[in-house]
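Below is one structure, written out as structure tokens, with a few remarks after it.
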Amino acid sequence: MKQLPIRIPPLRDRPEDIEPYTYSLLASENWTGGIEPAAIALLTQQPWPGNVRALQSVLTTSVATTILRGGDTITRAIGQTTLDNWQPEWDLKAKAIETVRARRQPTAPAASAPRRRHRKPPPTREQIEQALTEAAGNQSAAADLLGTSEPTLRRYMKKLDISRDDFLRH
């Protein structure tokens, strides 16, 4: 059976989809209140590096904030406050991804050097903690920063009694 690959562009390339997604996601949250058009306009201007999941998280937080403030409509101000709190996390993820990509640049082996498989020394506690800090606790990104696999990183963390929870940004 042959499969047909379907490529869906990232949400940042489809700003016209943000409004329908917004209403759909709010309905899935059982939100019976409203959302100001200015709040939707604000949402369409965002880069959405986490795609629809990031939009959903921002909307969930905005709904909770609106309820806690005793309102029934998500305003532009509430949306902006929520986005301001998310923006540093987005910037950090973008930086971590950029760093990982830069480190993945292939290097040409020396022409006369024989090909040998050699093991590199395991990362130190400090290196692991630095990578987890730079990746905001994301083990996959931290493993990429260290040039190792995620299962190997987890094994090192277990051996050194390092918890990723200490590196998550709240």
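Looking at 25, 42, can you tell me which residue is at pLDDT 90 or above, part of a helix (DSSP H, G or I) and in contact with a Leu (Cβ under 6 Å, 6 or more places away or on another chain)?
It is 25.
Please state which one of 93, 158, 120 is among the basic types (Lys, Arg), surrounded by 10 or more Cβ atoms within 10 Å (Cβ to Cβ) and modelled with pLDDT of 65 or more. Walk me through how you get there before you give the answer.
Numbers: 93 fails: modelled with pLDDT of 65 or more; 120 fails: surrounded by 10 or more Cβ atoms within 10 Å (Cβ to Cβ).
The unique qualifying residue is 158.
Tally up the residues in segment 144-170 that are within 13 Å of residue 125 (Cα to Cα) and hydrophobic (A, V, I, L, M, F, W, C), please. Outline the logic, then answer.
First, pick out the residues of segment 144-170 that are within 13 Å of residue 125 (Cα to Cα): 146, 153-164.
This time we only want the ones that are hydrophobic (A, V, I, L, M, F, W, C), so: 146, 153, 157, 160, 162.
Residues in segment 144-170 being within 13 Å of residue 125 (Cα to Cα) and hydrophobic (A, V, I, L, M, F, W, C): 5 in total.
Search segment 26-59 for residues being touching a helix residue (DSSP H, G or I) at 6+ places or on another chain (Cβ under 8 Å) and β-branched (Val, Ile, Thr), and hand back the single one that is nearest to residue 10 (Cα to Cα).
Residue satisfying both the conditions and the ranking: 52.
Take residue 83 and tell me if it is modelled with pLDDT of 90 or more, of a type outside the set (D, E, K, R), within 28 Å of residue 27 (Cβ to Cβ) and buried (at least 16 other Cβ atoms within 10 Å of the Cβ).
On the way: modelled with pLDDT of 90 or more: no; of a type outside the set (D, E, K, R): yes; within 28 Å of residue 27 (Cβ to Cβ): yes; buried (at least 16 other Cβ atoms within 10 Å of the Cβ): yes.
For residue 83, the condition - modelled with pLDDT of 90 or more, of a type outside the set (D, E, K, R), within 28 Å of residue 27 (Cβ to Cβ) and buried (at least 16 other Cβ atoms within 10 Å of the Cβ) - is not met.
Which residues, taken from segment 45-69, are in a loop (DSSP other than H, G, I, E, B) and within 17 Å of the chain's Cα centre (by Cα)? Working first, answer last.
Initial filter on segment 45-69 (in a loop (DSSP other than H, G, I, E, B)): 45-50, 69.
46, 47, 48, 49, 50 - these are the residues of segment 45-69 that are in a loop (DSSP other than H, G, I, E, B) and within 17 Å of the chain's Cα centre (by Cα).
Please name all residue pairs, on different chains or six or more residues apart, with Cβ atoms under 6 Å, provided the first residue is in segment 152-163 and is within 14 Å of residue 141 (Cβ to Cβ) and the second residue is part of a loop (DSSP other than H, G, I, E, B).
none
Report whether or not residue 111 is modelled with pLDDT under 80 and under 15 Å from the mean Cα position of the chain (by Cα).
Details: modelled with pLDDT under 80: yes; under 15 Å from the mean Cα position of the chain (by Cα): no.
Judged against the criteria, residue 111 is not a match.
The values are calculated or read from the model by the stated rules, or taken from the named source; none is laboratory data. Everything numeric here is computed off the predicted structure, so don't read it as measured data. Please note: Cβ atoms are built from the backbone with ideal geometry, for glycine as well, and neighbour counts cover all protein chains shown.
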